[in-house]
Structure formats: structure tokens, C-alpha cells
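I have placed the structure first, in the form of C-alpha cells, so that the comments after it can refer back to it.
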Amino acid sequence: MNSALHLPAGKALDGPYAVDVSPESAGWGFSCLRVLELPPGGSHTFGTDESEWIVLPLTGGCTVTSTDEFGHDTFRLHGRDSVFGAVTDFAYLPRDARATLTSAGGGRFALAGARCTRRLPARYGPAPAVPVELRGTGNCSRQVNNFAAAGVLECDRLIAVEVITPGGNWSSFPPHKHDEHRPGEESVLEEVYYFEFEDHDGTPGLGYHRVSPSGHGRGTDVLAEVRDGDVVLVPDGWHGPSMAVPGHHMYYLNVMAGPDPERAWLIRDHPDHAWIRDTWPHRPVDPRLPLYTAPERP
């Protein structure tokens with residue numbers, strides 16, 4: 001088992017970041033994730049360097065400024081109270097810029113990033129524009145907030161989505177992989193899973209996450225009990241299922257990037273489990289979903 005690829009809460013702590021996963025620390029080429037916690041009135045400044053970034057509020061709101069040789073941009077993010085309560089707005093930041101986050105009320109903010117070559121303009125992502133997808137049926141039902149999916153938001157390499165799995169359900173199933181370059185069939189993407197759980201009467205939630213070897217790359221093999229703030233790195237392999245224990249909804253943020261010339265999420269299902277997709281049209285979606293929808297456009 002590659003236990004080093006499961007980072008329990010606190011293990012990826014670095015300076016101001018509760019989570020700091022870089023290409024160097026992960027041992028790969030592109031995908032990055034930071035989680036920044038700010039007290040009321042707090043602020044943090046960082047250089048985007050050679051990566052593009054998305055500032056995604058997990059709790060709370062903030063003001064984001066981005067400055068580079070092309071100008072200055074300011075975005076006010078309304079944010080949300082909880083990842084289990086609402087779709088959030090976000091800000092895209094280009095490479096080679098200086099960014100500052102300031103939060104009047106405090107909060108927790110994900111910085112999803114990817115090394116890139118193209119500089120794209122800074123911009124605001126409104127919550128009403130985020131497509132909310134219900135994927136799977138029965139106990140494979142989950143909700144996907146496709147805020148930075150390929151085909152939704154223009155990025156150079158970064159792909160990022162949020163997944164909410166109701167308590168007792170399985171997601172990232174059937175197990176799938178994206179560790180071979182097969183034009184039109186499969187893309188090469190490094191992936192980060194960042195987990196949060198809804199508690200019940202003060203009792204913390206938990207779940208389980210599996211990655212099994214595909215015969216490519218590092219031979220990744222992970223079976224982890226995951227809790228609030230945990231991270232699992234997926235450089236290769238069949239990943240899934242992610243299982244939420246009954247009574248506790250599970251949230252994870254997926255951050256992906258890779259070397260392929262086309263920015264695309266192309267996956268191959270595990271041949272032993274691909275048949276499960278054929279059962280989905282004959283079963284209803286879990287009635288607990290959607291947990292919420294994107295707000296209406298004004």
C-alpha cells in the first residue's frame with residue numbers, strides 16, 4: 001500500500017496553509033492544492049508564479065485582488081457557509097501575478113492550481129453559472145458541481161470539480177483511471193482528492209477511499225479511512241470507490257492537470273465494474289439529491 005499518498009489532516013500543513021500540495025511535494029508535474037484558513041480581518045498574499053489558480057471559498061467569503069504587468073483586478077467572493085449548503089462563486093487567477101485574499105468575516109479557502117504555459121485573464125466565476133450535475137443512480141448517486149470542468153471554464157491545464165456523496169452512498173464508481181495517453185479515449189491527469197464531512201449532532205463523519213494499481217505509473221495502491229481535511233493523491237491507478245458512511249454526507253474537491261495537449265477529462269472504467277453504468281437508467285436518483293442547486297441568475 002502507498003500510505004504516503006494518503007495525507008491525514010495536518011500532514012500537508014505548511015506555513016499559512018492547512019494543506020499545501022505542490023508538484024514537488026507530490027512528485028509529479030502539474031497539479032497543486034492549497035487550503036488557506038483566515039481569521040476575521042485576515043489577509044494573505046502569494047505569487048501565482050508558473051501556475052494558474054482558482055480561489056474557491058469552502059466557508060466564508062473574501063475579496064481577491066490580482067496584479068500583474070497587464071493590470072489590476074479585484075473580485076468580491078460572496079462564498080458560502082458550508083460546502084454542504086450552497087454552490088459558491090470563485091475567482092480565476094493567471095500565472096505570473098501577485099494575489100491577495102482578504103476576509104472580513106474569516107473563512108477557509110481552497111486554492112486549486114496547475115502549472116501552465118498560457119497566461120489567461122483573471123476573471124470572476126458567478127455561482128449561478130456553475131453547472132450542477134447528478135451522476136449515477138441508487139446508492140451510486142452523487143452531485144457534481146462542475147465549476148472548472150473541461151468545457152465549462154477556460155483554463156490552460158487546470159480541471160476542478162466538487163463532488164457531494166450522500167451518507168451511505170458510493171461515488172468515484174465504477175473505478176476508473178486516466179493514466180494513459182489514448183487520443184479520444186483516455187487522458188493523463190494527476191488528481192488530488194480533498195475531503196470534508198458533515199457531522200451529526202457533533203459527531204464527525206468519515207469515509208473510505210480506494211485506489212488500485214492499473215499497471216501504469218507508480219502502481220498506486222491505497223485503501224484509506226478519510227476524515228475532515230484529509231487528502232489522497234492519485235498519480236495513476238483505478239480510483240474508486242469513495243464511500244460515505246451512513247448518516248454523514250461526504251464532500252471532496254478534485255483537482256486535476258496533466259501533460260496532454262488537449263485539456264480533457266477522458267476516463268476508462270475498470271473492466272470488472274463497468275457494467276454498473278448499464279443499471280443506472282433503471283433506478284431512480286437518490287431523492288436526497290440535489291442537496292442544493294446553483295442560485296438563479298439575476
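The values are calculated or read from the model by the stated rules, or taken from the named source; none is laboratory data. Keep in mind that this is a model prediction, so the values were computed, not measured. When we count neighbours, we look across all protein chains shown, and the Cβ atoms used for this are built from the backbone with ideal geometry, even at glycine. For the accessible areas, the whole protein counts, side chains as well, though only heavy atoms, and no ligand, DNA or RNA atoms are used. Shrake-Rupley method; radii C 1.70, N 1.55, O 1.52, S 1.80 Å.
If you check LEU253, LEU291 for being within 25 Å of ALA150 (Cα to Cα), outside any helix (DSSP H, G or I) and under 16 Å from the mean Cα position of the chain (by Cα), only one passes: LEU253. Evaluating GLU162 against the criteria (1) over 16 Å from the mean Cα position of the chain (by Cα); (2) more than 22 Å from SER25 (Cβ to Cβ) leaves one unmet condition, (1).
Screening region 264-274 for residues that are over 16 Å from the mean Cα position of the chain (by Cα) and touching a residue at least 24 places away in the same chain (Cβ under 8 Å) and picking the one that is most open to solvent (accessible area, probe 1.4 Å) gives ARG268.
Given the criteria buried (at least 19 other Cβ atoms within 10 Å of the Cβ), touching a strand residue (DSSP E or B) at 6+ places or on another chain (Cβ under 6 Å) and touching a residue at least 40 places away in the same chain (Cβ under 8 Å), does TYR92 qualify? Spelling it out, TYR92 is indeed buried (at least 19 other Cβ atoms within 10 Å of the Cβ), touching a strand residue (DSSP E or B) at 6+ places or on another chain (Cβ under 6 Å) and touching a residue at least 40 places away in the same chain (Cβ under 8 Å). Residue check: SER171 meets all listed conditions (1) surrounded by fewer than 23 Cβ atoms within 10 Å (Cβ to Cβ); (2) of a type in the set (S, T, N, Q); (3) under 21 Å from ASP228 (Cα atoms) but one, namely (1).
Quick check on this structure: which one of SER31, SER66 is closer than 18 Å to PHE195 by Cβ and of a type in the set (Gly, Ala, Ser)? Sole residue among the options that is closer than 18 Å to PHE195 by Cβ and of a type in the set (Gly, Ala, Ser): SER31. Is there a residue being within 25 Å of GLY42 (Cβ to Cβ), under 21 Å from the mean Cα position of the chain (by Cα), open to solvent by less than 10 Å² (accessible area, probe 1.4 Å) and touching a residue at least 40 places away in the same chain (Cβ under 8 Å) anywhere in region 129-145? No; the residues of region 129-145 include none that is within 25 Å of GLY42 (Cβ to Cβ), under 21 Å from the mean Cα position of the chain (by Cα), open to solvent by less than 10 Å² (accessible area, probe 1.4 Å) and touching a residue at least 40 places away in the same chain (Cβ under 8 Å).
Scanning region 6-27 for residues that are open to solvent by less than 60 Å² (accessible area, probe 1.4 Å) and over 17 Å from the mean Cα position of the chain (by Cα) turns up GLY10, GLY27. I'd like to check something: does region 199-212 contain any residue that is open to solvent by 10 Å² or more (accessible area, probe 1.4 Å), within 26 Å of ASP81 (Cβ to Cβ) and in a strand (DSSP E or B)? Checked region 199-212: at least one residue is open to solvent by 10 Å² or more (accessible area, probe 1.4 Å), within 26 Å of ASP81 (Cβ to Cβ) and in a strand (DSSP E or B). Cβ-Cβ distances below 6 Å connect the following pairs, each with a first residue in region 60-85 that is in contact (Cβ under 8 Å) with a residue 12 or more places away in the chain, a second residue that is of a type in the set (D, E, K, R) and in a loop (DSSP other than H, G, I, E, B), and a separation of six or more residues or different chains: ASP68/ASP96; LEU77/ASP89; HIS78/ASP89; PHE84/GLU198.
In summary, ASP179 fulfils each of the numbered conditions (1) assigned to a strand (DSSP E or B); (2) surrounded by 21 or more Cβ atoms within 10 Å (Cβ to Cβ) with the single exception of condition (1). Can you tell me which residues in region 284-298 are open to solvent by 40 Å² or more (accessible area, probe 1.4 Å) and modelled with pLDDT of 95 or more? Within region 284-298, PRO284, VAL285, PRO287, ARG288, PRO290, LEU291, THR293 meet the criteria.
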